[in-house]
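**Q** After the structure tokens below, expect a handful of questions from me.
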Amino acid sequence: MSQIFDVLFGQYAESETIDIVLEIVAVVFGFLSVWFSKQNKVLVFPTGMISTAIFVYLLLKWELLGDMMINGYYFIMSVYGWYIWTRKVDETHVTPISVTGLKEQRISVFIFIATLVFVYIVYTTFDKWTSWVAYADTLTTAIFFVGMWLMARRKIENWIFWIIGDIISIPLYLYKGFSFTSFQYLGFTIIAIYGYLAWKKHLNNNLQTA
């Protein structure tokens with residue numbers, strides 16, 4: 001049991017207490033954000049902004065540039081998403097859950113490719129192609145960038161990208177030595193599956209009503 005504990009949490013022995021506390025706080029608010037997203041509540045954005053702001057600081061300190069950019073992007077897109085989710089499309093209704101259209105599919109492809117290129121340039125500039133982790137970071141960054149944009153647009157397909165990215169991130173963060181964050185992504189995966197099912201049910205109900 002002690003060996004398992006050392007594997008999961010031994011890396012924190014040399015960490016500053018404030019960093020451990022901040023990581024836990026960021027994880028808690030991250031869970032809240034994903035839960036509110038599953039519930040289709042706008043609180044997804046303010047809670048997410050708190051989590052991502054903390055992670056930007058921590059990831060910069062840990063020199064994980066790809067992950068830092070993901071969270072910085074999340075923060076910016078949370079502001080955008082907050083506006084979209086509360087914007088009224090008529091006198092009584094705000095932007096509804098919907099399916100991604102052809103135009104948005106093309107934008108998603110563009111975001112994915114552009115992100116791959118951008119992260120490649122950043123990692124090359126800072127000479128960070130030192131292990132397979134860098135390649136995994138690049139892939140998950142592109143996946144999450146698309147997922148976050150689709151969530152901000154309130155598109156149901158955002159959950160598919162979250163699920164894929166979260167599954168990849170679980171072992172990735174465990175390998176990096178950030179166990180709390182790895183557990184966070186395990187929780188994210190479970191919530192994302194339920195989130196997709198909840199949004200799909202909501203969308204089907206609205207279609208039947210219409």
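The values are calculated or read from the model by the stated rules, or taken from the named source; none is laboratory data. Keep in mind that what you see is a predicted model, and the values were worked out from it rather than measured. No Cβ is skipped: glycine too gets one built from the backbone with ideal geometry, and neighbour counts run over all protein chains shown.
**Q** Quick check on LYS128: is it out of contact with any strand residue (DSSP E or B) (no Cβ under 6 Å at 6 or more places or on another chain), basic (Lys, Arg) and modelled with pLDDT under 95?
**A** yes
**Q** Okay, moving on. Quick one: what pairs do we get from segment 145-163, first residue at positive phi, second hydrophobic (A, V, I, L, M, F, W, C), C-beta under 8 Å, 6+ apart or different chains?
**A** ARG154/ILE84; ARG154/TRP85; ARG154/ILE97
**Q** Another one. Of everything in segment 29-53, what is without any contact (Cβ under 8 Å) to a residue 24 or more places away in the chain and either of a type in the set (S, T, N, Q) or within 17 Å of GLY147 (Cβ to Cβ) (or both)? Give them in sequence order.
**A** Those that are without any contact (Cβ under 8 Å) to a residue 24 or more places away in the chain and either of a type in the set (S, T, N, Q) or within 17 Å of GLY147 (Cβ to Cβ) (or both): SER33, PHE36, THR47.
**Q** Then there is this: Has segment 119-138 got any residue that is in contact with a Ser or Thr (Cβ under 9 Å, 6 or more places away or on another chain), more than 17 Å from THR52 (Cβ to Cβ) and without any contact (Cβ under 8 Å) to a residue 24 or more places away in the chain?
**A** Yes; the residues of segment 119-138 include at least one that is in contact with a Ser or Thr (Cβ under 9 Å, 6 or more places away or on another chain), more than 17 Å from THR52 (Cβ to Cβ) and without any contact (Cβ under 8 Å) to a residue 24 or more places away in the chain.
**Q** Also, I was wondering about something else. Taking ILE168 as meeting all but one of (1) surrounded by 21 or more Cβ atoms within 10 Å (Cβ to Cβ); (2) under 27 Å from PHE110 (Cα atoms), write down the number of the exception.
**A** Against the list (1) surrounded by 21 or more Cβ atoms within 10 Å (Cβ to Cβ); (2) under 27 Å from PHE110 (Cα atoms), ILE168 comes up short only on (1).
**Q** Quick one: how many residues across segment 54-82 are of a type in the set (A, V, I, L, M) and without any contact (Cβ under 8 Å) to a residue 40 or more places away in the chain?
**A** Counting residues in segment 54-82 that are of a type in the set (A, V, I, L, M) and without any contact (Cβ under 8 Å) to a residue 40 or more places away in the chain gives 8.
**Q** Residue check: is ASP137 crowded, with 17+ Cβ neighbours inside 10 Å, at pLDDT below 90 and among the acidic types (Asp, Glu)?
**A** So ASP137 passes the test.
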